[in-house]
Each structure stands twice: as structure tokens, then as C-alpha cells.
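Below is one structure, written out as C-alpha cells; the observations come after it.
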């Protein structure tokens, strides 16, 4: 799959940076605004364009890479300020002042919860997709839960060991391990390059979060804003993530999709878009 060109690119000045800096933001469609906050952390968001296209006839759907990542990789991360603090500050600059709908995937679900806890008056609704649980219990044994499908061509040859080709295959295998269908995951991983991720910033964000994680009270206090929690039965984050959110958000609609792991808009798009649509419609009631 080729990387699509953005329909619209908006450049927004940020208060967290010098006047010459800007955060590149991509929006499609018209109507009420929905912001997509991606996972990783510190992974590109351009692969979320299928979700933008799906809902662009009824919503203005926007996404942006975080500071230090992808389109915004050149924006500096101040070493004297927690990177997560800078990301949340950038969100406060980019997102509208009026109450807005937010969708967060994986790590992004935690990020929109953090933003909503800090700015509840600026959030109208939240959709948590394949979320990491606030206590991070789902990450404790994630390596053992990865899907290790039999993909002979994904293994490095003797000649490739120690070369960029081996590193490339390792990178693609890691992405593929988040898919129930290994071949689908391997094919999907082919569109990404190492430039789409920032491993150092990934580690830093997790460290920042662990120093001040969301509490159970924080999440429960946001339940009236959360319109859907979407899980995949075979996600590497299961069963811990589902159990945590069921306990924290007993009144929130839960969607558990079959035949998918961590990328449901690729694996089961029809079912997944129906779940998102239900969450968005619930905010209108």
C-alpha cells in the first residue's frame, strides 16, 4: 500500500515552541471535528488515513505526529522538560478550544485520557481503541504474547546477519507480531520505515508516564465522556486491558471484535468502523 498524500495540511503555531516552529496537522472532510491520536508511542500517524477517509463525509477528521516524530520529527524535544509534558502541551495548542471528540489507539488512548483529565472542558467525547490499561499490566508479558506466525521469508539469511537487511526484517516482524494473520501483518509492515518511529522517544514517554500514571479515580472521573472502549479478542494487550477497563468503566459500552489483534481497521474494517460509528453517535444523544 502506497502512502497517500494528505488531503489538507494545516500549519499551526505552538505556544510550547519558538515562533518559527509549527506542528504539521492533516485534516479530511467537514463537520464536527474528530482528532485521531495514534499509538506507539512515538510512531507515525499517516497510516490512520483509512479511518479519516471512512468518516470524512460526516466529520472533519484530523491527525498529527507528535513532536520528534514523523512529520514533526524536526521539532525539538526539550531535554529539561518531560517529553510527555511537551506532547500534552502541544495537544492543548493544536486542538480546538471548544469541546472536541477524540479517538486514541493503544498508547494514544492513555494520551487522550491524560489530556481529558487535564482539560475536561475541551473534550466532548472519547473513544478508546485497543487501549493500554492505565496500570500497564497488559505490557508486563507482551513479548510472550506476540503472534509468532510462521513467516520463513521474514527470517534473515546468513548473508543478511549484521546488515541493514536484518534490521529491516526485525522491524517488520515486530509490526507483524501485532496481527493475528501473520501474512497480513508482514504485508502491512512493508509500507513503514525506521523513520516512522522514534525508539528513544518511545522509551522516554513510557518513563514519563510511569512517573505520574493515571489513577483509577482519574479514569472513573472521565466515564461520562467515554462513549466506547473497543478491544480485539486476540490483541497482545489481552486479557489484562479488557479486565481493567471493564472494572474501571462498568457503564461504558464495550466492543470486543473477533478475528483481529491490534490493527482492527486493517484486519476487520467493517466491524471496526461500525464500533467507532456507534461511539460517535452515542455522543450525539
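The values are calculated or read from the model by the stated rules, or taken from the named source; none is laboratory data. Just so it is clear, the model here is predicted, and its values are computed rather than measured. Reconstructed Cβ throughout: ideal geometry from the backbone, glycine too, with neighbour counts over all protein chains shown.
One line per residue, one yes/no per condition, for (1) more than 19 Å from residue 108 (Cβ to Cβ); (2) in contact (Cβ under 8 Å) with a residue 40 or more places away in the chain:
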| site | (1), (2) |
| --- | --- |
| 158 | yes, no |
| 186 | yes, no |
| 195 | yes, yes |
| 202 | no, yes |
| 224 | yes, no |
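Scanning region 27-45 for residues that are without any contact (Cβ under 8 Å) to a residue 60 or more places away in the chain and either buried (at least 24 other Cβ atoms within 10 Å of the Cβ) or not in a strand (DSSP E or B) (or both) yields a total of 4.
Out of region 244-257, which residues are free of Cβ contacts under 8 Å to residues at least 60 places away in the same chain, assigned to a helix (DSSP H, G or I) and either within 20 Å of residue 278 (Cα to Cα) or under 16 Å from the mean Cα position of the chain (by Cα) (or both)? Result: 246, single match. Looking across region 213-243 at every residue that is in a helix (DSSP H, G or I) and surrounded by 22 or more Cβ atoms within 10 Å (Cβ to Cβ), the one that is farthest from the chain's Cα centre (by Cα) is identified as 219.
Residues that are touching a helix residue (DSSP H, G or I) at 6+ places or on another chain (Cβ under 7 Å), more than 30 Å from residue 217 (Cα to Cα) and part of a loop (DSSP other than H, G, I, E, B) are absent from region 125-134. The sole residue among 172, 63, 67 that is assigned to a loop (DSSP other than H, G, I, E, B) and surrounded by 17 or more Cβ atoms within 10 Å (Cβ to Cβ) is 67. The condition of being under 25 Å from residue 85 (Cα atoms), touching a helix residue (DSSP H, G or I) at 6+ places or on another chain (Cβ under 8 Å), assigned to a helix (DSSP H, G or I) and at pLDDT below 95 holds for residue 195.
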